[in-house]
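Have a look at the structure below before the remarks.
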Amino acid sequence: AILGGWGLSVIGETRDGLPFGVTEQTNTTNTFSTSQRPNLLRNPARDHTSKADMLTKYFDTTALAAPAVGYFGTAARTTGFGPGFVGLDGSIHKGWYLRESLHLQFRTDFYNFQNRAEFANPNVSQGQADFGKITSTLAGSTGRLMQMSMRLEF
């Protein structure tokens, strides 16, 4: 009764980051649009030495420059990809057969088991104070959650 009836399950999920494109805060092309793309001077991707470094400067903001008045920028619609997602959920449960048609199960579920923050894309509007910084987490991203439940099957 003590050693038998145990179960363990794990669900892992990894995803690449969402694409993002950098825009200028103002449009100088007289095309009736609220923004325009900047000029791409070099690859803005950079290696991060720490999580704090990633949050304060996700990409090289000096690799993008405002185009001249009346000209369109050379940056592509997609400039880079966000930080990505790594999720790990798990469950451990124990079951007892009380009678032939009566089963009791106690389970504990863990969501975001590694208690990892999942960050959103950086601010991509050139000209704002937090340009290139990550200031929020993904919608629905929470800290570690644990729930316990008991189930009676008959």
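The values are calculated or read from the model by the stated rules, or taken from the named source; none is laboratory data. Please read all numbers here as calculations on a predicted model, not as lab measurements. Glycine also receives a Cβ, built like all others from the backbone with ideal geometry; neighbour counts cover every protein chain displayed. SASA here: full protein model, heavy atoms, side chains in, ligands and nucleic acids out. Shrake-Rupley method; radii C 1.70, N 1.55, O 1.52, S 1.80 Å.
As a rough guide to protection, the peptides 87-95, 49-57 ranked by mean Cβ packing within 10 Å, highest first, stand as 87-95, 49-57.
Take the Cβ-Cβ distance between Arg144 and Ala65 as r, set R0 to 35 Å, and report the resulting FRET efficiency rounded to the nearest 0.05. It comes to 0.25.
Within the shell defined by Cβ-Cβ distances under 15 Å, the residues around Trp96 carry a net charge of +2, with Lys and Arg each +1 and Asp and Glu each -1. For the chain, the share of accessible area belonging to carbon and sulfur comes to 57 percent (1.4 Å probe, ligands and nucleic acids excluded). Shown is the FRET efficiency for Gln128 and Val10, computed with R0 = 41 Å from the Cβ-Cβ distance and rounded to the nearest 0.05: 0.50. The length gained by stretching the chain between Thr29 and Thr56 to full extension, at 0.36 nm per residue less their Cα-Cα distance, is 6.6 nm. A 1.4 Å probe over all protein chains sorts Tyr97, Tyr71 by accessible area into Tyr97, Tyr71, starting with the largest.
Taking a label point 7 Å from the Cα of Phe72 along the Cα→Cβ vector, which residues of the range 1-39 have an amide N closer than 14 Å to it? Once the point is set 7 Å along Cα→Cβ of Phe72, 28-33, 35-39 turn out to lie under 14 Å by backbone N, inside the range 1-39.
A simple charge model with +1 on the Cβ of Lys and Arg, -1 on the Cβ of Asp and Glu and nothing else charged puts the dipole of the range 1-91 at about 240 debye relative to its Cα centre. Applying the criteria of a DSSP loop state and at most 16 other Cβ atoms within 10 Å to the chymotrypsin sites (Phe, Trp or Tyr not before Pro) of the range 1-70 yields Phe32.
With protein chains left intact and a 1.4 Å probe, residues in the chain average 67 Å² of accessible area per residue. For the chain, the equivalent ellipsoid derived from the Cα gyration tensor has semi-axes of 51, 15, 11 Å, listed largest first.
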